[in-house]
Amino acid sequence: MKLSCNTEKDQLIEMLIRQLSNFFIISEKEIDILWKEFDQVWLRLYKCIKLVDNKYFIIDGIPVINPYHSGQYLIYLYFYSNICSSNNEKQLADKIYYLNKIMHSCDIYHEVSLPESFFLEHPVGTVLGRAKYGNRFFAMQNCTIGGNKGHYPIIGNNVRLYSGAKVLGNSIIGDNVTVAANTYIKDTNIPDNATVFGTSPHLTIKYL
């Protein structure tokens, strides 16, 4: 596994500990958990970044993590929070989730299951709820995926949401779908290989 990073493992973990300590009370047990879970976080980060089509993620054919690239650091924090949540370390997961929200103005709760590979471009104001997400999910600023009357969307593979897009409720978004800026989809199915724009129930769908 090749993953280039301009910061050493110890420095990455210590930086996260300092960031958490600036806002929250962090116990020695929680610090030990951060060290213990790092390798799993790093593996998920590698699997994510190697599939992202972005010039800052793949350089000379090698996946690169830059902790000072906010889009990458958001992914790093999400994986940490999600792994801690899965291991029933809920309080630490809450703190990392909250730190991610503070630093990036993006709301991804640690119990939300994002796919192996995803990327949020300029993620300010984006909220990702408890949908089912396909691989290579992409979203820009001010996007929302959330529920309606207890139903949540199913998002296919290679779905792209542009700024201000919203997908809510009992919606199924097919593979290779582009959701145009400021589109509002609620309780509506979108077929594969399409671009959609407008507002439910009066959406316009164009096929690729």
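Per-structure values
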quantity: With Cα atoms, 0 to 90° folded angle of helix 70-86 axis to the chain main axis; calculated: 80 degrees
quantity: Options F24, L34, N142, ranked by Cα towards positive dipole end of the chain, top entry (Cβ charges); calculated: N142
quantity: Cross-link table K47/K206; K50/K166; K90/K166; K55/K132; K90/K186; K90/K132, entries beyond 25 Å C-alpha to C-alpha; calculated: K47/K206; K50/K166; K90/K166; K55/K132; K90/K186
quantity: Gain in span if fully extended, Y46 to I102, counting 0.36 nm per residue against the direct Cα distance; calculated: 17.7 nm
quantity: Order of S200, S117 - criterion: other Cβ atoms within 10 Å of each residue's Cβ, fewest first; calculated: S200, S117
quantity: Footprinting exposure proxy for D192, D107 (fewest neighbouring C-beta atoms within 10 Å first); calculated: D192, D107
quantity: Relative contact order, percent, the range 45-85 [alpha-carbon distance under 8 Å, six or more residues apart]; calculated: 30 percent
quantity: Sorted by Cβ density within 10 Å, fewest first, the residues L168, L51; calculated: L51, L168
quantity: Size of charge dipole - the chain - debye, nearest 20, with Cβ of Lys, Arg +1 and Asp, Glu -1, no other charges; calculated: 540 debye
quantity: Volume in Å³ per residue [convex hull over Cα atoms, computed for the chain]; calculated: 112 Å³
quantity: Förster radius 45 Å - calculated FRET efficiency between D60 and E111, Cβ distance, rounded to 0.05; calculated: 0.75
quantity: Proximal aspartates and glutamates to K149, defined as alpha-carbon separation beneath 17 angstrom and excluding residues fewer than eight positions away on the same chain; calculated: D187
quantity: 222 nm mean residue ellipticity, helices alone, for the chain (DSSP H n ≥ 4; -39,500 (n - 2.57); rounded to 500); calculated: -11000 deg cm²/dmol
quantity: Size-normalised alpha-carbon gyration radius of the range 4-108, reference 2.2 N^0.38 Å; calculated: 1.04
quantity: Cβ-Cβ FRET estimate between V124 and Y68, R0 fixed at 25 Å, reported to 0.05; calculated: 0.90
quantity: Those aspartates and glutamates that a straight Cα-Cα span of less than 18 Å connects to K29, excepting residues fewer than 8 apart in one chain; calculated: D10, E14, E37, D39, E89, D94
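FYI, it's all coordinate maths here, none of it is from the lab. Just so it is clear, the structure is predicted and the values come from calculations on it, not from any experiment. Here the Cβ is made from the backbone with ideal geometry for all residues, glycine too, and neighbour counts use every protein chain on show.
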